[in-house]
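Everything below concerns the one structure shown next.
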Amino acid sequence: MNLKDYIRSIPDYPKKGILFRDITTLIKNEKAFCETINQIVNILKKQNFDKIAAIESRGFVFASAISYLMNKPFILLRKKNKLPAERYSVDFELEYGTATIEMHKDSIASGDKVVIIDDLIATGGTAEAGAKIIEMAEGSVNLFIFVINLFDLGGCDKLRKNGYKVENLIEFPGH
């Protein structure tokens, strides 16, 4: 199954010049969604890790299913002011603005090995913030997994240059 066939491309969203890669067409197709989850689980079967973290909100769609199938704890990396308990917070740059990501302080214990899952990587700002927040809690990021890599925007390369392992299922140009 070619997962690319299930990704809708929307020009000029969320702003002019951006070609948005929409995963809703993939997740609404039960066979494509199952294939996506199975491919990620097959990658993770070869990894040694303790917890799965995902970036709000589309990363949650994939990570929750994978967490269930692999019987691993699921950690939420959320937008600012969405978590009620004591939390870590990291500000970062997006390709079209700025944002903040947060995680409960009791989510990661010192030495926890974490896999971070998200739907898409572009410039890598969100993923880097996810790694920083895991590392603030004295955990380590063993692997990033993205459904889509916008290869010409350099996010995966940036993460690899910073010493992280990265996997993705499909690739598209960024613009």
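The values are calculated or read from the model by the stated rules, or taken from the named source; none is laboratory data. Note that the structure is a prediction, hence the values are computed from the model and not measured. Heads up, the Cβs are rebuilt from the backbone with ideal geometry, glycines too, and the neighbour counts pull from every protein chain shown.
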Q | region 104-125 - residue that is of a type in the set (Val, Ile, Thr) and within 13 Å of Ile148 (Cβ to Cβ) and, of those, farthest from the chain's Cα centre (by Cα) | A | Ile121
Q) Do you know which residues across region 120-142 are outside any helix (DSSP H, G or I), of a type outside the set (Val, Ile, Thr) and within 22 Å of Lys4 (Cβ to Cβ)? A) Leu120, Ala122, Gly124
Q.
Quick test for you: out of Glu93, Glu56, pick the one residue that is within 24 Å of Gly174 (Cβ to Cβ) and loosely packed, with under 15 Cβ neighbours inside 10 Å.
A. Glu93
Q: Would you kindly identify the strands (runs of 3 or more DSSP E) lying entirely within region 1-87 that contain at least 3 residues that are touching an Asp or Glu at 6+ places or on another chain (Cβ under 6 Å)?
A: none
Q) List, please: which pairs have Cβ atoms under 9 Å, are six or more places apart or on different chains, and start with a residue in region 131-144 that is on the phi > 0 side of the Ramachandran plot and at pLDDT 95 or above and end with one that is of a type outside the set (A, V, I, L, M) and not in a helix (DSSP H, G or I)? A) Glu138/Ser110; Glu138/Gly111; Glu138/Asp112
Q | The listed residue being under 20 Å from Ser67 (Cβ atoms), touching a strand residue (DSSP E or B) at 6+ places or on another chain (Cβ under 9 Å) and among the small types (Gly, Ala, Ser), out of Ala122, Ala127 | A | Ala127
Q) Scanning region 10-45 for residues that are without any contact (Cβ under 8 Å) to a residue 24 or more places away in the chain and within 21 Å of Gly97 (Cβ to Cβ), which turns out surrounded by the fewest Cβ atoms within 10 Å (Cβ to Cβ)? A) Lys16
Q: Among the candidates Ala85, Ala131, Ala122, Ala127, single out the residue that is among the aliphatic types (A, V, I, L, M) and surrounded by fewer than 16 Cβ atoms within 10 Å (Cβ to Cβ).
A: Ala85
Q) Name the pairs whose Cβ atoms lie under 7 Å apart, with the first residue in region 149-175 and among the aromatic types (Phe, Trp, Tyr) and at pLDDT 95 or above, the second surrounded by 14 or more Cβ atoms within 10 Å (Cβ to Cβ) and outside any strand (DSSP E or B), and 6 or more positions between them or separate chains? A) Tyr164/Ala131
